[in-house]
Amino acid sequence: MYKASTLAHFFVYKSQRTQIPVTPHKIEFMVYFAHGWHLAIDGRPLILEEVKAWRHGPVVASVHKFYSKNSRNIYGTLKLDEIKSMKTKDLQFLEGIWMYYSHLNEVEMLSLCLESGTPWNQTYEKSSNELTIENSIIEQHYRLLHLSNPNFADIDDPISVVGE
């Protein structure tokens, strides 16, 4: 497992290398998607922090706080040392997440998170307070998503490299 910020740095790095822009919210969603897919395939969390169900979607608080403060200079926050400490298979997995989701903007990503039946929806509908989205709910959602979408089994499949 990694600090959520380590994954965030990876996505900032990929943005810089591919010149596909990111925003603080897009980075948050990418970390969330990576965590969800990893839970579904590997059965283990990818990040140490909990995912919260906030009013406007799923949030990893440490990533939200850091990038909200640094939103004007996202690329200046990049810490390559954190990325270099990651396992090769996890870097390959994150490459798949990047390939699959990076073309979406933050509004499109948010809509994926807020749909009926999503982990955020299941958790947040219980209360208007901040709640933790349980990893078991995230894992179940992404397993079902994978099973119901066989088109994920191609080169852009963010999870194809996890089992290797």
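Readers should treat all values here as calculations from the given coordinates under stated rules, not as data from a laboratory. This one's a predicted model, so the numbers in the text were calculated from it and none came from an experiment.
Numbers below:
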item	result
The chain - mean residue ellipticity at 222 nm from DSSP helices (-39,500 (n - 2.57) per run, n ≥ 4, rounded to 500)	-17000 deg cm²/dmol
Cut-off under 5 Å, modelled amide H: who pairs with GLU49 long-range	ALA4
Where only C-alpha atoms are counted, convex hull volume of the range 4-152 per residue in Å³	108 Å³
Straight-distance crosslink candidates among lysines, where the alpha carbon sits under 24 Å from LYS3 and sequence neighbours closer than 8 are dropped	LYS14, LYS26, LYS52, LYS65, LYS69, LYS79, LYS84, LYS87, LYS89
Table column - 3J(HN,Hα) (Hz), the range 101-115, Karplus curve with 6.51, -1.76, 1.60, x for Gly and Pro	10, 4, 6, 7, 8, 5, 5, 5, 5, 4, 5, 5, 7, 9, 4
